[in-house]
1. Would you tally the residues in region 52-79 being over 21 Å from Lys171 (Cβ atoms) and either within 16 Å of the ligand (Cβ to nearest atom) or of a type in the set (Lys, Arg) (or both)?
2. Test of understanding: among Val261, Val254, Val205, Val276, which residue is within 19 Å of the chain's Cα centre (by Cα) and aliphatic (A, V, I, L, M)?
3. Could you please find all residues in region 80-93 being open to solvent by 30 Å² or more (accessible area, probe 1.4 Å), in contact (Cβ under 8 Å) with a residue 12 or more places away in the chain and either within 14 Å of the ligand (Cβ to nearest atom) or not assigned by TED's automatic domain parsing to the domain that holds Ser243 (or both)?
4. Looking only at region 100-120, count how many residues are within 26 Å of Val60 (Cβ to Cβ) and not in a loop (DSSP other than H, G, I, E, B).
5. Would you point out the residue of region 121-150, among those that are closer than 20 Å to Ile247 by Cβ and outside any strand (DSSP E or B), that is nearest to the ligand (Cβ to nearest atom)?
6. Among the listed residues Gly180, Gly234, Gly240, identify the single one that is farther than 20 Å from His145 by Cβ, touching a residue at least 40 places away in the same chain (Cβ under 8 Å) and open to solvent by less than 60 Å² (accessible area, probe 1.4 Å).
Amino acid sequence: MRLVRFGEKGKEKPGLEKYGRIVDLKKQFQDIPDIGREFFEQGWVDKLRDCKDAGETMDVRLGPPITNPSKIICLGKNYAEHAKEGGMSVPSAPLLFCKTPNTVNGPTDPVLMPAHSGQVDWEVELAVVIGKKGKRISRKNALDHVAGLMILNDVSGREAQFGDKQWFRGKSFDTFAPMGPALVTLDEVEDINNIKLEALVNGEVMQQGNTSDLIFDIPTIIEYISQDITLEAGDVISTGTPSGVGIFRDPPIVLNAGDTVICRIKGIGELENVFVAE
Ligand code: MG
């Protein structure tokens, strides 16, 4: 299944995307909550599996496929080539940081360039959405806790990230996490350890990677995080970016107002966001 949220910003409705058509789930199920913690806790992913509605053709904005995650946990340096391009060693355990919920942004919405901090960069990533709460989840059971996958652009303000000596501000500027275009359930994915991802800036390919090169795979990441942090339904885990970000290029490339970044993952779709001065 491909779960989407569609409609005007702030008024999105839950939907199912089927071959380019959208099923308006509110029409069928009046009590369905928006796609977030409650939605997963009430078992809507399973309830919707039998939905036979073919949907309708709609010319409509897609929003981020989930609302109000309690956490967006990100992995740093989780592809060896990316660690290497930054002159960094490969971590011996997953390196975690957070993006705050004000970063949540839609798959085609503008990304706001911060007015007071520069060197804005792109990072295409495969993100996991948790569907079932858990603590001390074993590697073996980890995928039972996953609702699905989506793309996340871990937009990064490098001036703040490196200048501040820690990553909070540079990773959490408003709109810095475009996500979507759909939340794709695992049954639609052939092999989570072999998913191609790429990023293009103004049409030029900048990143190309494959989840087969993840240093820590998804079950390992979930086991590690949940040792002492409860994962709630609706939480997002972004698994890290492959090599080819702008800042470590020679010469470095940073985004300017008017640039378009496309993040594409096979089987999931693409994000296309224009960067705009606020
Ligand atoms: Mg990242």
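The values are calculated or read from the model by the stated rules, or taken from the named source; none is laboratory data. Source: prediction; values computed, not measured. Cβ atoms come from the backbone with ideal geometry, glycine included; neighbour counts cover every protein chain shown. Just so you know, the surface numbers come from the protein's heavy atoms only, side chains and all, with ligands and any DNA or RNA stripped out. Shrake-Rupley method; radii C 1.70, N 1.55, O 1.52, S 1.80 Å.
1. Of the residues in region 52-79, 2 are over 21 Å from Lys171 (Cβ atoms) and either within 16 Å of the ligand (Cβ to nearest atom) or of a type in the set (Lys, Arg) (or both).
2. Details: Val254 fails: within 19 Å of the chain's Cα centre (by Cα); Val205 fails: within 19 Å of the chain's Cα centre (by Cα); Val276 fails: within 19 Å of the chain's Cα centre (by Cα).
Going through Val261, Val254, Val205, Val276 in turn, the sole match is Val261.
3. The answer is Glu81, Glu85.
4. Filtering region 100-120 down to residues within 26 Å of Val60 (Cβ to Cβ) leaves 101-112.
Checking which are not in a loop (DSSP other than H, G, I, E, B) leaves us with 101-105, 111-112.
Total meeting the criteria: 7.
5. Narrowing region 121-150 to residues closer than 20 Å to Ile247 by Cβ: 121-125.
Cutting the leftovers down to outside any strand (DSSP E or B) gives us 122-123.
On the way: Trp122: 10, Glu123: 4 Å.
Among those that are closer than 20 Å to Ile247 by Cβ and outside any strand (DSSP E or B), it is Glu123.
6. Answer to the check: Gly180.
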